[in-house]
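Accompanying notes for the structure given below.
Throughout, read-outs are computed from the coordinates displayed, never taken from laboratory work. This is a predicted model, so every value here is computed, not measured. Ideal geometry is used to build each Cβ from the backbone, glycine not excepted, and the neighbour counts take in all protein chains shown.
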Amino acid sequence: MSISQEPKLSCIVVDDEPMALNLIESYVQKTPFLDLKGKCSSAIQALKILNTEQIDLIFLDIQMPDLTGIELSKTLSKTTRVIFTTAFDSYALQGYKVDALDYLLKPFNYTEFLLAANKALSWFKLVSTATDTTTTPPKKYLFVKSEYKQVKLELDDILYFEGLKDYIKIYLASQSKPVLTLKSLKALEQELPSNFMRIHRSFIISLDKIDEIERSQVIISGKRITVSEGYKEAFQNYISDNSIQS
C-alpha cells in the first residue's frame, strides 16, 4: 500500500458462509479506503489470489474446511494483515497469537466493521511512515515453518524456490533434500532481498547461484529452469546490467 492523500488498502474477504461473505463484501464496498480484490468461499481460493495479487488486508473467517483461517494466516507475508471474522469467541486468543489486527465476532454491524478497518488503516500508515524514515540492515536469513517447527535458513545457502500449489520447496546448496513449507510463492517473494528474482510462475531463483544461462533457461547446480515469457524482460535487463559489453 502506498500512502497518499487518498490511501487505499487492497483486501479480500474469505468466508465459507455465503450470507456472511456477501454482507462483508457490502461493508467493504461502502468503505472508501478499501479496494476489494476478491471474495473467496475457502482459504484455498484465497491462496490463489494471494499468489497473484499484492493484498494488504484479509477479512478472514476462522472455521473453514480443508484449511482454517488460523492456518492460512500463518502462511502470509508480514505485509499482509488479518482481521478475523467468526461466530466463535473461543478463537479470540488464537487470533491474537498470530498477530491479527482485530477480531470481529459475528453478527457484527457496519460500525463495528468500520472501527476494525480504521485500525488497519492506522497500522499501515504507521508502517509506511516508519519505512520512509528508517533503514533496515540487509536480511541474512529466513525462518520458515517446516514439519511443525521453525527452520532458520541462511539466504546465501538457498539455490531456488519451487512453488507447488499451496507449498514451496526450498533447495539448498548445503543439502540434497529440499525444505518443504506451507506458503504462497507470492507472499515469499515480498520477503526476499533483491538478489532473488522470480523467473517463472513456479520458480524464484538466487541470482548469485546461477552457473550458466542457455537460451531461455538458467542452470543452477545442474537444474535447468525456464525463464517464462512474463518474466523474460526483467531477467534480460538484469543480465544486461551485469554483463561485460564487447
_Degrees between helix 110-133 axis and first principal axis of the chain (Cα, 0 to 90, nearest 10)_ = 30 degrees
*Pairs to check: 37/140; 30/145; 48/125. Give those whose C-alpha atoms are more than 29 Å from each other in this structure.*
37/140; 30/145
*Among (i) -0.24, -0.81; (ii) -0.58, -1.09; (iii) -0.28, -0.88, the entry derived from the coordinates for log10 I(q)/I(0) by the Debye sum over Cα atoms at q = 0.07, 0.13 Å⁻¹*: (iii)
*By how many degrees, between 0 and 90 and to the nearest 10, does the Cα long axis of helix 18-29 differ from the longest principal axis of the chain?*
80 degrees
*Could you work out the relative contact order of the chain, using alpha carbon pairs under 8 angstrom and six or more residues apart, expressed as a whole percent?*
12 percent
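Highest first, please rank the peptides 222-231, 39-48 by the mean number of other Cβ atoms sitting within 10 Å of their residues.
Highest mean packing first, the order is 39-48, 222-231.
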*asked:* Charges at C-beta only: +1 for Lys and Arg, -1 for Asp and Glu. How large is the resulting dipole of the chain about its Cα centre, in Debye rounded to 20?
replied: 300 debye
*Partner lysines for residue 232 [C-alpha distance under 20 Å; skip if fewer than 8 residues away on the same chain]*: 186, 209, 223
*Candidates 32, 138, 193: whichever shows maximal mean-square fluctuation once the chain is modelled as a Gaussian network with Cα springs under 10 Å*: 138
*Listing 184, 10 from the residue with the fewest other Cβ atoms within 10 Å to the one with the most, what is the order?*
10, 184
*Inter-centroid distance (Cα atoms) of the range 151-180 relative to the range 69-87, Å*: 23 Å
